[in-house]
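Asker: Structure in structure tokens, see below.
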Amino acid sequence: MKLNGQVTEQTDFYQGHEPHDLIREYGSPLYVYNERIFRKNCRDFMNMCPYPNFKVNYSIKANSNLTLLAMAKSEGLCAEASSPGEIEALIAAGYDTANIFFITNNASSEDMAYAVNKGILFSADSVSQLDRYGSVNPGGDVAIRFNPGVGSGHHKNVVTGGGGSKFGVNEEYIPEVKEIINKHKLKIVGINQHIGSYILDINIFMDSVERLLAIAKNFDTLEFIDLGGGFGIPYHKQEGEGPLDLPALGAALAKFMESFSKDYGRPLTFVVEPGRYIPAESSVLLGTVHAVKNNGSEKFIGTDLGFTVLIRPTLYNSYHGIEVYRKGDSPANTQSESVHVVGNVCENGDFIARDRLLPVILEDDVLGVLDAGAYGYAMSSQFNQRLRPAEILIRENNEIVVIRRRDTFEDLLRNMPMVSL
């Protein structure tokens, strides 16, 4: 019985499978993905912009599961990675290195050499990094990340453009960039930006695009411009929040792309990075209620959904909708009450929701945390020596497959050899 399951019912997320049955079969907590929704989100972005030389890069940092990476590849998405480990995952999922863009921050010479040896284009994040890369790969191709002077995001920790950001090269340093390019005989084949995460305001993004294109005019060897992304999804959909207007965004971008290419003298490839938009809504995180307690006037719903499983609410004060599932046909209290939904980690900041109005919850109820597919498992940990959950996929044909097995106690210990004392 779904006490407030309108979101998953409208999308037919579970496709007839019952959350309690999934927990019993695969353990709690549990990340559940829906293939149909993931593929739809890929196709929405691939078809968003009518400009002919338009590419979409999947941001592996949002979700690095190999099966999901392979699905994104099969839908025509290229990829951007921020570490050698992410590159290895992309290669394991079948990506050609020519379709991987290495956008990292404060990279070592070893990381740069790794990319060069793999034939992967590197993006320099600072004048210092550009000089280091020139020493590693003199005469090579390179991209540069610029800070367009604007930033956006739902929390200061995810704003990656504008003043105070550690990311990108400010426009004022373009003369120094050109000096280093000449010094090492490098060729700038692309520029890129990323102003933040959870962008729902098209106007803010388009402002950054206009600024980046103005910067692009300083370089005459460009083959592509990566406009970044970080596009948001409606986390408050239970309260009626609407989605990003993709058709409007695509139409606005196409005008900029066509106009710039005409002025530049040749057509360039333009790239966007949807970020969380692709995987977020494709997953619901299931967990079990193990305790209900009152501390004075406050009520706490104690679950196994600690911040080792989903850290976003603790780290960013992020909002995730919650559905409540009760086994069988047990009677439900139709009233709602304000509660704190907390996890099982030994810190007071371990919560999924504070002062959330939810149906009256009982022990052994299952909670479904919505929109958990981006920066969910990817940021999970084994703090408190907790086991990380399994990930399962509901296929389009209704089959369920395990796409990551649940940790075992052996997994916790395997990389720590006992030393004789």
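Bear in mind that the values in this text are calculations on the coordinates, not laboratory data. None of these values were measured; they are calculated from a predicted model. Here the Cβ positions follow ideal geometry from the backbone for every residue, glycine too, while neighbour counts run over all protein chains shown.
Asker: What is the ratio of the Cα radius of gyration of the range 78-277 to 2.2 N^0.38 Å, where N is its residue count, to two decimals?
Answerer: 1.02
Asker: Neighbouring Cβ atoms within 10 Å as the yardstick, rank Cys346, Cys78, Cys42 fewest first.
Answerer: Lowest count first: Cys346, Cys78, Cys42.
Asker: For Lys299, go through the aspartates and glutamates and keep the ones whose alpha-carbon is under 14 Å away, minus same-chain ones fewer than eight residues off.
Answerer: Glu337, Asp355, Glu363
Asker: Nearest 20 debye, what's the magnitude of the dipole of the chain about its Cα centre given +1 on Lys and Arg Cβ and -1 on Asp and Glu Cβ?
Answerer: 560 debye
Asker: Express the relative contact order of the chain as a whole percentage, based on alpha carbon pairs under 8 Å and six or more residues apart in sequence.
Answerer: Working: 890 pairs, mean separation 86.0, N = 421.
Relative contact order, the chain: 20 percent.
Asker: Work out the length of the dipole vector of the range 78-277 about its Cα centre, built from +1 on the beta-carbon of each Lys and Arg and -1 on the beta-carbon of each Asp and Glu, and round it to the nearest 20 debye.
Answerer: The dipole of the range 78-277 has a size of about 260 debye.
Asker: Subtract the Cα-Cα distance of His17 and Ala251 from 0.36 nm times their separation in residues, and report this length gain in nm to one decimal.
Answerer: Length gained between His17 and Ala251: 80.4 nm.
Asker: With unit charges on the beta carbons (Lys and Arg positive, Asp and Glu negative) and the dipole taken about the Cα centre of the chain, which residue among Asn398, Ile120, Pro417 sits farthest to the positive side?
Answerer: After comparing all options, I get Ile120.
Asker: Assuming R0 = 30 Å, what is the FRET efficiency of Asn294 and Gln6, from their Cβ-Cβ distance, to the nearest 0.05?
Answerer: 0.60
Asker: Take the alpha carbon gyration tensor of the range 50-118, find the square roots of its eigenvalues, order them as a ≥ b ≥ c, and report rounded if a/c is under 1.5; if not, report prolate when a/b exceeds b/c, else oblate.
Answerer: Here the range 50-118 falls in the prolate category.
Asker: Name the residue from Ile199, Ile233, Pro267 whose Cα lies farthest towards the positive end of the charge dipole of the range 78-277, charges +1 on Cβ of Lys and Arg and -1 on Cβ of Asp and Glu.
Answerer: Projecting each Cα onto the dipole axis, the largest value belongs to Pro267.
Asker: Along the principal axes of its C-alpha atoms, what lengths does the range 267-346 span, in descending order and rounded to whole Å?
Answerer: 64, 33, 20
Asker: Here is a further query. Going by amide H atoms built from the backbone, whose H comes under 5 Å of the H on Tyr58, apart from near neighbours?
Answerer: Under 5 Å from the amide H of Tyr58: Cys78, Ala79, Glu80.
Asker: Okay, moving on. Taking 37 °C and 0.692 mPa s as the conditions, I'd like the Stokes-Einstein D for the chain in µm²/s, using the Kirkwood hydrodynamic radius from alpha carbon pairs.
Answerer: 143 µm²/s
Asker: Identify the residues of the range 368-398 with backbone N under 16 Å of a label point that sits 7 angstrom from the Cα of Asn415 along the Cα-to-Cβ direction, or state none.
Answerer: Only 378-389 pass the distance filter.
Asker: Could you list, in their original order, any pairs among Lys55/Lys237; Lys40/Lys255; Lys2/Lys40; Lys217/Lys255; Lys61/Lys185; Lys178/Lys255 whose Cα atoms are separated by more than 20 Å?
Answerer: Numbers: Lys55/Lys237 28 Å; Lys40/Lys255 25 Å; Lys2/Lys40 25 Å; Lys217/Lys255 17 Å; Lys61/Lys185 32 Å; Lys178/Lys255 29 Å.
Going by Cα-Cα distance, Lys55/Lys237; Lys40/Lys255; Lys2/Lys40; Lys61/Lys185; Lys178/Lys255 fall outside the 20 Å limit.
Asker: Using modelled backbone amide H atoms (1.01 Å from N, in-plane), which distant-in-sequence or interchain residues come within less than 5 Å of Asn170's amide H?
Answerer: Asn147
Asker: Which order do Glu210, Glu391, Glu410 fall in if you start with the one that has the fewest other Cβ atoms within 10 Å?
Answerer: Lowest count first: Glu410, Glu210, Glu391.
Asker: Here's something else I'd like to know. Which residues' amide hydrogens lie under 5 Å from the amide hydrogen of Ile144, considering only partners 5 or more residues apart or on another chain, with H built in the peptide plane?
Answerer: Amide H to amide H, under 5 Å and 5 or more residues apart or across chains, Ile144 pairs with Ala124, Gly190, Ile191, Asn192.
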